[in-house]
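Everything on this sheet refers to the single structure shown next.
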Amino acid sequence: MQRVFSGIQPTGVPQLGNYLGAIRNWVVLQQDHECIFCLVDMHALTVWQDPDSLRQQTLGQTACLLAAGIDPARHILYNQSAVSAHARLGWIFNCVVRLGWLNRMTQFKDKAGKDRENHSAGLYVYPSLMAADIHAFHATRVPVGDDQRQHLELANDIGQKFNHDYGVAFFPMVEGLIPPGSARIMSLRDGTKKMSKSDPSAQSRIELTDTPDEIALKIRRAKTDPEPLPSEEAGLENRPEARNLVTIYAALTGETVPEVLARFGGEGFGPFKAALTERLVAELGPVAAETRRLLGDPGHLLSVLRDGAARASAVAEPIVAEAERIVGYLR
Ligand code: TYM
């Protein structure tokens with residue numbers, strides 16, 4: 001059975017992009033894979049986090065993931081900082097990765113912008129810690145959204161360079177599982193920007209804990225253009241906001257974009273937005289209700305994470321100990 005690893009930063013509440021790009025896929029993969037899912041609090045720290053909020057959001061996201069269908073009895077769910085293997089292999093990989101490779105990472109460029117000198121070294125070496133997350137478990141399949149594609153290529157480059165430098169066949173190749181339709185959900189306020197937990201505008205995203213009223217309001221206010229929906233996909237060209245809403249609808253119903261347009265083409269956004277809201281509420285309503293219920297018992301959430309961390313350590317420890325032996329640490 002192939003081993004799956006994936007992670008999410010415990011900053012804010014998971015949003016629709018996280019759900020359609022990654023989490024929904026995680027739930028399905030549980031059927032026929034051995035899965036390890038991680039709240040990557042060490043990655044979150046690469047930009048300033050208020051300590052109490054970080055703790056709170058780690059618990060909050062645990063509740064959301066359980067509510068969405070992650071099964072901690074059959075699979076592993078934990079927070080990254082509780083398993084030291086990540087930091088130890090991350091350091092080895094910092095010594096394997098080349099500065100030139102990190103310089104090419106577009107996510108760092110996007111996040112740091114022009115003010116590069118004032119960002120943490122952690123943000124810069126983030127992709128080598130991400131490579132360590134995956135390789136510490138010898139995971140071979142990684143379900144993520146499209147924005148992580150370049151980081152996965154780097155994880156393979158780092159694993160292969162380690163193997164080459166030390167003359168071993170130790171780290172396997174990693175395959176990204178990127179959903180074809182919904183790998184890049186865009187902001188509701190600007191169809192050229194990715195939907196993100198950290199966007200300053202709460203109106204730009206649907207959160208997994210939104211109430212039906214909040215969902216309805218955000219979709220009603222979602223930016224569109226004055227034209228009716230086109231009947232063919234070519235008509236979505238240069239209409240990023242319209243494309244995004246149709247993409248979300250298609251991802252929720254399992255239809256293709258042309259199928260959705262065949263139904264709604266020629267109509268204005270009013271009826272389409274109402275239908276989209278209905279789909280969103282049907283899919284996310286139960287997740288939000290179950291999240292609220294789980295948040296009532298933080299002790300249970302903490303025990304899920306602690307149990308997950310112990311089991312994650314048991315898998316990663318021998319792999320990272322072997323990497324440490326290979327590089328020549330004296331024990
Ligand atoms: P993060 O926390 O930014 O996002 C979690 C997952 O959600 C996907 N995603 C999206 N998919 C579609 N449309 C969007 N607008 C959207 N926004 C986010 C992300 O692609 C991701 O799959 N670096 C990772 C976390 C990480 C990780 C790992 C993932 C750390 N180590 C090892 C896989 C393997 C991140 O920042 O995810």
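The values are calculated or read from the model by the stated rules, or taken from the named source; none is laboratory data. Small disclaimer: the values here were computed from a predicted structure and weren't measured. We place every Cβ from the backbone using ideal geometry, glycine too, and count neighbours over all the protein chains shown. Accessible surface areas use protein heavy atoms only, side chains included; no ligands, DNA or RNA. Shrake-Rupley method; radii C 1.70, N 1.55, O 1.52, S 1.80 Å.
Spin-label pair E259-R149: with each label point 7 Å from Cα along the Cα-Cβ axis, the two points sit 2.4 nm from one another.
Springs join every pair of Cα atoms under 10 Å in this Gaussian network model of the chain, and among R149, R116, R184 the largest mean-square fluctuation is at R116. Would you mind telling me which residue in D165, D41, D147 has the biggest mean-square fluctuation in a Gaussian network model of the chain, where springs connect alpha carbons within a distance under 10 angstrom? Of the options given, D165 has the highest mean-square fluctuation. In a DSSP loop and with at most 16 other Cβ atoms within 10 Å, the chymotrypsin sites (Phe, Trp or Tyr not before Pro) in region 255-331 are Y329.
Take the Cβ-Cβ distance between A321 and R292 as r, set R0 to 41 Å, and report the resulting FRET efficiency rounded to the nearest 0.05. Computed FRET efficiency for A321 and R292: 0.50. Sparse packing (at most 10 other Cβ atoms within 10 Å of the Cβ) combined with a DSSP loop state is found for the following trypsin sites (Lys or Arg not before Pro) in region 8-96: R74. Output the 0 to 90 degree angle, nearest 10, between the alpha-carbon long axis of helix 51-68 and the longest principal axis computed from the alpha carbons of the chain. Around 70 degrees separate the two axes.
Modelled spin labels at R331 and V47, positioned 7 Å past Cα toward Cβ, are 3.9 nm from each other. Here's the picture: charge each Lys and Arg Cβ at +1 and each Asp and Glu Cβ at -1 in the chain, and of N94, L66, A82 the one pushed furthest to the positive end of that dipole is N94.
The residue list I219, G191, P230 was ranked by how far each Cα lies along the charge dipole of the chain toward its positive end, using unit charges on Cβ atoms, and G191 comes out on top. Based on the Cβ-Cβ distance of H119 and D71, what FRET efficiency does E = 1/(1 + (r/R0)^6) give at R0 = 56 Å, to the nearest 0.05? It comes out at approximately 0.90.
The calculated P(r) of the chain, using every Cα pair and 10 Å bins from 0, goes 5, 25, 32, 24, 11, 3, 0, 0 in percent. Measuring nothing but how far apart in sequence close Cα pairs (under 8 Å, 6+ apart) lie, relative to its length, region 202-293 scores a relative contact order of 40 percent.
Between 0 and 90 degrees, the angle of helix 212-221 with respect to the longest Cα principal axis of the chain falls at about 70 degrees. Spin-label model, T211/A314: points 7 Å from Cα along the beta carbon direction are separated by 4.3 nm. Measure off, as a whole percent, the carbon and sulfur share of the 1.4 Å-probe accessible area of the chain, all protein chains present. Carbon plus sulfur share of accessible area: 53 percent.
This model, with +1 at the C-beta of Lys and Arg and -1 at the C-beta of Asp and Glu, gives the chain a dipole about its Cα centre of some 540 debye.
Charged side chains reduced to their Cβ positions (Lys and Arg at +1, Asp and Glu at -1) give region 202-293 a dipole of some 340 debye around its Cα centre.
Cross-link partners of K193 among lysines, defined as those whose alpha carbon lies under 23 angstrom from its own and excluding same-chain residues fewer than eight positions apart: K109, K111, K114, K218, K223, K273.
Restricting attention to the chain, close to 10% of DSSP beta bridges with both partner residues there are antiparallel. Of the residues N79, N103, N118, the one that moves most in a GNM of the chain with alpha-carbon contacts below 10 Å is N118. Among the chymotrypsin sites (Phe, Trp or Tyr not before Pro) in region 1-83, which ones are in a DSSP loop with at most 13 other Cβ atoms within 10 Å of the Cβ? Mind listing them? Those that pass, being in a loop and sparsely packed, are W48. The dipole here belongs to region 156-223: it is taken about the Cα centre, uses +1 on the Cβ of Lys and Arg and -1 on the Cβ of Asp and Glu, and is about 440 debye. A dipole drawn for the chain from +1 and -1 charges on Cβ atoms has a positive end, and of H138, P298, A323 the residue lying farthest that way is A323. Cα axis of helix 149-166 to longest principal axis of the chain: angle in degrees, 0 to 90, nearest 10? Tilt of helix 149-166: around 10 degrees.
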